[in-house]
Amino acid sequence: MNTTIENIIQTELPPAAPVQPVNTIVKPVKFPHQPHEWKIVSLRECPTPEDMQLCDTPDRAAAYWRSSVKEHPYFNPEAECFVVLMLNTRRRIRGHYLVSIGTMDTILVSPSSVFRLAVSANAAAIVLMHNHPSGDPSPSEADIKVTRDLIRAGQILKVEVLDHVVMGGPNFTPLRTLGYFYS
């Protein structure tokens, strides 16, 4: 064999890729849709004293928030965070989940994101909660509208919305006691 530098360079380099013509649209690759198997997985255990597991008043919901929700790995006290407490038929807390993290004064939630896990986990009732980073727990007009929309969605899904508690620093405001829930 006649080995020269030119022969080595020519044989070891892969052939060059064809040059993409200028001003052509590259189409995305589409993979066929495949179904997936789903499973609800608990993220972490939230040890709660026996007397705090019953969530039948806004005070108890606020106490649970202070003990467990504030310790959530993704909780951000500088932004509005929307959390759902899932309850069984005896109003005992089965767990909670963080639905959405917003900005300093706004948060987006939809009925599908609020009720998705509650329906999957077979919760009998839920308590809606979110914080106001400003420290003022008074509900905004948007808070009231979203609450009413979620109450209607819960009625359709047969998951009772017991309350919506707005946390603001050490204080809180339950919307049910302010009369914003339908009777």
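The values are calculated or read from the model by the stated rules, or taken from the named source; none is laboratory data. Computed from a predicted model, the values in this text were never measured in an experiment. So basically every Cβ, Gly included, is an ideal-geometry build from the backbone, and we count neighbours across all protein chains shown. For the accessible areas, the whole protein counts, side chains as well, though only heavy atoms, and no ligand, DNA or RNA atoms are used. Shrake-Rupley method; radii C 1.70, N 1.55, O 1.52, S 1.80 Å.
For segment 79-154, the residue among A121, F82, P133 whose Cα projects farthest onto the positive side of the dipole built from Cβ charges is A121. Once a ≥ b ≥ c are taken as the square roots of the eigenvalues of the Cα gyration tensor of segment 58-183, is the result rounded (a/c under 1.5), prolate (a/b larger than b/c) or oblate (a/b not larger than b/c)? Rounded shape, in that the Cα axes give a/c under 1.5.
Only beta bridges with both residues in segment 91-183 are counted; by DSSP, about 35 percent of them are antiparallel. Residue order by solvent-accessible surface for L87, L162 is L162, L87, largest first, with ligands and nucleic acids left out and a 1.4 Å probe. Counting only Cβ charges, +1 for Lys and Arg and -1 for Asp and Glu, the dipole size of segment 86-183 around its Cα centre is about 560 debye.
Quote the FRET efficiency, to the nearest 0.05, computed for K145 versus S42 with a Förster distance R0 of 22 Å and r equal to the Cβ-Cβ distance.
On the way: r = 32 Å, r/R0 = 1.47.
Here the calculated transfer efficiency is 0.10.
Spin-label model, S138/L54: points 7 Å from Cα along the beta carbon direction are separated by 3.4 nm. In order along segment 159-172, the Karplus-derived 3J(HN,Hα) couplings, from 6.51 cos²θ - 1.76 cosθ + 1.60 at θ = phi - 60°, round to 10, 6, 8, 6, 6, 10, 9, 9, 8, x, x, x, 9, 8 Hz, and Gly and Pro are given as x. Taken one residue at a time, the phi angles of segment 81-88 give Karplus couplings (6.51, -1.76, 1.60, θ = phi - 60°) of 10, 9, 10, 10, 8, 9, 10, 8 Hz. Gly and Pro are set to x.
Computed with every protein chain present, the accessible area of I156 is close to 140 Å² [probe 1.4 Å].
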